[in-house]
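K.L.:
Mind having a look at this structure? Questions to follow.
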Amino acid sequence: MNSKAEKLEAFSRLLDIMDDLREKCPWDKKQTLQSLRHLTLEEVYELSDALLEEDIPEIKKELGDVLLHLVFYAKIGSEKGSFDIADVINSLNEKLIFRHPHIYGDVEVADEEEVKQNWEKLKLKEGNKSVLSGVSKGTPSIVKAYRIQEKVKGIGFEFANAEDAWKKVDEELAEFHAETDPDKKEAELGDVFFSLINYARLTGINPDSALERTNHKFISRFQKMESIALQRNLVMTDLSLQEMDLLWDEAKSQE
């Protein structure tokens, strides 16, 4: 692994390259905070894919792409006279020190859960008006529900155990099945999802990761079905559901 001096040298070189690109490259010169936003989201999702696959070379590559965006935003900020990369890092350093009084102060904690509880309380001291104020509006729904539940857990608003959480799932399922009004039924389905995510969280399962694994599995299996159909000169759209089910079972057996 690289020494601290080598790491600092590499980061310094990245800042120099960013300066060059911003000055000399027509594309980089044109970018704004807003034009980069959707590209940043794309890079983060690509990093997420690499993490799910545990593809170490790809993780390293995608981390670099995300880091480039962070440096890019800081460069634009410095051009506007608003902030630079040092301001970003210094602000982060101070926040980390403040939120870890068990490391940089005299607070004692028993375990990870107590650290999380202190974290949310300290955020309120920083001026946040609500425990949930840090939940981004643009966060995907499953991740948002998980984060909401994690945050309210930090102040003790939590089921005693996973069994109690599952009772809530059963309750919401019953309400969903009993509802006939389409709009209210949609709302009840949302309650089912929220409760199921809560149960998963309490059992130590990340629901977003679980669903993404299923998505990957479905894609792989369906594409295998398509491959089998192609080998047999079958047209998928001409097959009955029963015939496709047989192909599905065959594709599954080959996994």
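K.L.:
For residue 239, which sequence-distant residues (separation of 5 or more, or a different chain) have an amide H within less than 5 Å of its own amide H, given hydrogens modelled in the peptide plane?
P.N.:
Result for residue 239 returns nothing.
K.L.:
Taking trypsin sites (Lys or Arg not before Pro) as exposed when DSSP calls them loop (any state but H, G, I, E, B) and at most 16 other Cβ atoms lie within 10 Å, what is the longest stretch of the chain free of them, the sites themselves excluded?
P.N.:
In the chain, the maximal stretch lacking such sites is 138-231.
K.L.:
Alpha carbon centre of segment 80-96 versus segment 173-252: separation in Å?
P.N.:
Taking the Cα centre of segment 173-252 as reference, the centre of segment 80-96 is 44 Å away.
K.L.:
If you don't mind, there's one more thing I want to ask. Work out Dmax and Rg for segment 94-156 from the C-alpha atoms and quote the Rg first, both in angstrom.
P.N.:
12.5, 38
K.L.:
Quick check: the distance between the Cα centres of segment 116-165 and segment 1-54, to the nearest angstrom?
P.N.:
30
K.L.:
Specify which residue in the list 50, 89, 18 is farthest towards the positive end of the charge dipole of segment 12-118, using unit charges on the beta carbon of Lys, Arg (+1) and Asp, Glu (-1), about the Cα centre.
P.N.:
Value computed over the given set: 18.
K.L.:
Here is a further query. Of the GluC sites (Glu not before Pro) in segment 1-74, which ones lie in a loop per DSSP and count no more than 16 other C-beta atoms within 10 Å?
P.N.:
Those satisfying the criteria are 54.
K.L.:
A follow-up question, please. Based on alpha-carbon positions alone, could you give the equivalent ellipsoid semi-axes of segment 118-255 from the gyration tensor, as √(5λ), descending, whole Å?
P.N.:
Output for segment 118-255: semi-axes of 40, 19, 14 Å.
K.L.:
For the pair residue 164 and residue 88, what calculated FRET efficiency results from E = 1/(1 + (r/R0)^6), where r is the Cβ-Cβ distance and R0 = 30 Å, to the nearest 0.05?
P.N.:
After rounding, the FRET efficiency stands at 0.10.
K.L.:
When the dipole is taken about the Cα centre of the chain, and only Lys, Arg (+1) and Asp, Glu (-1) are charged at their Cβ, what size is it in debye, to the nearest 20?
P.N.:
Dipole magnitude for the chain comes out near 960 debye.
K.L.:
Can you tell me the equivalent ellipsoid semi-axes for segment 1-130? Use √(5λ) from the Cα gyration tensor, largest first, whole Å.
P.N.:
The equivalent ellipsoid of segment 1-130 has semi-axes of 31, 20, 17 Å.
K.L.:
If the only charges are +1 at each Lys and Arg Cβ and -1 at each Asp and Glu Cβ, what is the size of the charge dipole of segment 55-173 around the Cα centre, to the nearest 20 debye?
P.N.:
That gives a dipole near 620 debye.
K.L.:
Could you tell me the extents of segment 182-225's C-alpha atoms along the three principal axes, largest first, rounded to whole Å?
P.N.:
38, 31, 9
K.L.:
If you don't mind, another one. Among 67, 139, 5, whose Cα projects farthest towards the positive end of the dipole of segment 1-147, with charges put on the beta-carbon of Lys, Arg (+1) and Asp, Glu (-1)?
P.N.:
Farthest towards the positive end: 139.
K.L.:
A further question on this structure: In degrees, nearest 10, range 0 to 90: what is the angle between the Cα axis of helix 33-53 and the longest Cα principal axis of the chain?
P.N.:
Rounded to the nearest ten degrees, it is 60.
K.L.:
Further, regarding this structure: Under unit Cβ charges (Lys, Arg +1; Asp, Glu -1), what dipole magnitude, rounded to 20 debye, does segment 11-99 have relative to its Cα centre?
P.N.:
My answer is approximately 500 debye.
K.L.:
Moving to a separate point now. Mind jotting down a quarter of the surface of the convex hull over the alpha carbons of the chain, in square nanometres, one decimal?
P.N.:
Result: 22.2 nm².
K.L.:
So, one more: GluC sites (Glu not before Pro), restricted to segment 77-174: which are DSSP loop and have at most 14 other Cβ atoms within 10 Å?
P.N.:
Counting only loop positions with at most 14 other Cβ atoms within 10 Å, the GluC sites (Glu not before Pro) in segment 77-174 are 108, 126.
K.L.:
Can you pull out the chymotrypsin sites (Phe, Trp or Tyr not before Pro) in segment 141-230 whose DSSP state is coil and whose Cβ has at most 12 other Cβ atoms within 10 Å?
P.N.:
Loop-located and lightly packed - 157.
K.L.:
Further, regarding this structure: Relative to 2.2 N^0.38 Å, what does the C-alpha radius of gyration of segment 1-70 come to as a ratio? Two decimals please.
P.N.:
1.27
K.L.:
As a quick test, which of the pairs 224/252; 4/60; 121/153; 153/217; 30/137 have an alpha carbon distance above 20 angstrom in this structure?
P.N.:
153/217; 30/137
Bear in mind these aren't lab numbers, they're just calculated from the coordinates by the rules spelled out. All values reported here derive from a predicted model rather than from experimental measurement. Using ideal geometry, Cβ is built from the backbone for each residue, glycine included, and neighbour counts are taken over all protein chains shown.
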